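Please treat every number below as a calculation from the coordinates, not as lab data. Note that this is a predicted model, so its numbers are computed, not measured. Here Cβ is always computed from backbone atoms with ideal geometry, including for glycine, and neighbour counts include all displayed protein chains.
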Amino acid sequence: MTAERRRPECEPIPVPHAGEDDPHNQCADQFPPNRYPGNDVLVDGKRFDALQVGVRVLWEIKTHRFDTYNAFIRRQTILEQVPLLQEERDKAEACGYGFVVGVSTQEHKNALLERDFTLNIVVTGCKR
């Protein structure tokens with residue numbers, strides 16, 4: 001057992017999904033798939049959308065219709081999301097978890113990677 005696993009704040013705690021966005025929640029439950037369907041997971045004070053079944057990987061799911069946004073909104077979305085995703089990744093890794101971002105479109109993935117190529121991003125195809 002690693003030191004990270006012994007830290008109580010690193011133990012995953014299932015908590016009800018935070019939002020009332022059913023398509024987003026369905027994606028978070030089914031795509032990784034989620035070890036705790038119907039729930040987010042709290043790790044080190046941060047809510048993640050899913051803890052993947054069978055592995056120590058936390059997921060953040062983005063179901064934005066990014067490809068429909070104008071250039072200004074796309075830019076603002078990326079400037080807002082990247083620092084938050086980096087913070088979430090750092091918390092996950094500090095607790096011994098992998099971290100994956102699931103996005104709906106290749107355009108969203110490309111834009112995030114342009115800002116931070118170290119993020120692990122998967123295109124889910126999920127829409128809201």
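Quick notes
- Under conditions of 10 °C and 1.306 mPa s, region 16-80 yields 124 µm² s⁻¹ as its translational diffusion coefficient, taking Rh as the Kirkwood radius over Cα pairs in the Stokes-Einstein equation.
- Ranked for footprinting exposure by Cβ neighbours inside 10 Å, fewest first, Arg65, Arg47 give Arg65, Arg47.
- Computed over region 3-123, relative contact order equals 22 percent, with contacts defined as Cα pairs under 8 Å that lie 6+ residues apart.
- The Rg/Rh ratio for the chain is 0.97, where Rg is the radius of gyration of the alpha carbons and Rh is the Kirkwood radius.
- Simple spin-label estimate for Gln30 and Val122 in nanometres, 7 Å along Cα-Cβ: 1.5
- Spin-label zone in region 96-128 - amide nitrogen under 14 Å from a point set 7 Å from the Cα of Gln86 along the C-beta vector: 112-120
- Cβ-to-Cβ counts within 10 Å put Val41, Val123 in ascending order as Val123, Val41, the fewest first.
- Here region 3-123 is assigned +1 on the Cβ of each Lys and Arg and -1 on the Cβ of each Asp and Glu. Its dipole about the Cα centre then comes out at about 240 debye.
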